[in-house]
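Chemist: Below are the structure tokens for one structure; questions will follow.
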């Protein structure tokens, strides 16, 4: 899952959020090419031309390049006339008719991974509220990239041989923890392809699930997977981004379907049914 080949869904969602929250007519962005000091504009929203599409922005050059180099938001009121930036990309910016532009870096683990832009076709200050919304949209992408990396690590671990001897109690605990972690991450993935890959990995860890006579809703199984890994209701709620009351409701529903009277009985029944590893 190379960074330049993924993340487009999250960038698109962030641009839509930015335009919706601010009313900006144009938003665009992209990720930094791995191993290179440049960012490539891959996603555009509200654009009138294709002048900016696939434009490679070098670190330090133009507004976006300045945001990459400084790892902080930058803005200009009149792009072509600004003395705060260099002007390698004026032709493309002018063709799209942009004047006021802001650029916000996407920073993950102290490394700039991409840039989000918002722009007006008039020369006027963009304001603190617009900048705050752009920063919030960038934070969304940052969190999504972190989740992607966690998912990639979990997929790799799930496909590898257990560190403990196969069939041992420790090996089963590793499998069960990986299964719970994958199910907890899957709903947070915006990319449907990656989400399907995570759920497919869950199926490999509990291969008999499809043949079970018991059918649990996805969230019921998510909760039960966390419980099976030893999580309390509070920890399960935090892990899945749910309220504790909601976790209890899902757990009760799962127990009812499995004919269980306790959490332990529910986990045991789910394992016998092939729903959990």
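Chemist: Count, please, the residues in the stretch 101-119 that happen to be crowded, with 22+ Cβ neighbours inside 10 Å and assigned to a loop (DSSP other than H, G, I, E, B).
Modeler: 0
Chemist: May I ask you to list the residues in the stretch 240-277 that are surrounded by fewer than 20 Cβ atoms within 10 Å (Cβ to Cβ) and either touching a strand residue (DSSP E or B) at 6+ places or on another chain (Cβ under 6 Å) or in contact (Cβ under 8 Å) with a residue 40 or more places away in the chain (or both)?
Modeler: 241, 257, 269, 271, 273, 274
Chemist: Then there's this: Write out, first by first residue and then by second, each pair whose Cβ atoms fall under 6 Å of each other, whose residues are 6+ apart or on separate chains, and whose first residue, in the stretch 120-137, is not assigned by TED's automatic domain parsing to the domain that holds residue 25 while the second is part of a loop (DSSP other than H, G, I, E, B) and surrounded by fewer than 20 Cβ atoms within 10 Å (Cβ to Cβ).
Modeler: Nothing qualifies.
Chemist: Please pick out the residue among 238, 245 that is assigned to a helix (DSSP H, G or I), over 18 Å from residue 176 (Cα atoms) and at pLDDT below 90.
Modeler: Answer to the selection: 238.
Chemist: Sticking with this structure for a sec: What about residue 110, is it over 29 Å from the mean Cα position of the chain (by Cα) and farther than 17 Å from residue 13 by Cα?
Modeler: Here the answer is no, as residue 110 does not meet what is asked.
Chemist: If I ask for residues that are modelled with pLDDT of 85 or more, in contact with a helix residue (DSSP H, G or I) (Cβ under 7 Å, 6 or more places away or on another chain) and not in a loop (DSSP other than H, G, I, E, B), which ones from the stretch 188-227 would you list?
Modeler: If the condition is that a residue be modelled with pLDDT of 85 or more, in contact with a helix residue (DSSP H, G or I) (Cβ under 7 Å, 6 or more places away or on another chain) and not in a loop (DSSP other than H, G, I, E, B), then 219, 220, 221, 222, 223, 224, 225, 226, 227 are the ones that fit.
The values are calculated or read from the model by the stated rules, or taken from the named source; none is laboratory data. Here the structure is a predicted model, which is why all the values come from computation and not from measurement. Cβ sites come from the backbone with ideal geometry, for glycine too, and all protein chains shown count toward neighbours.
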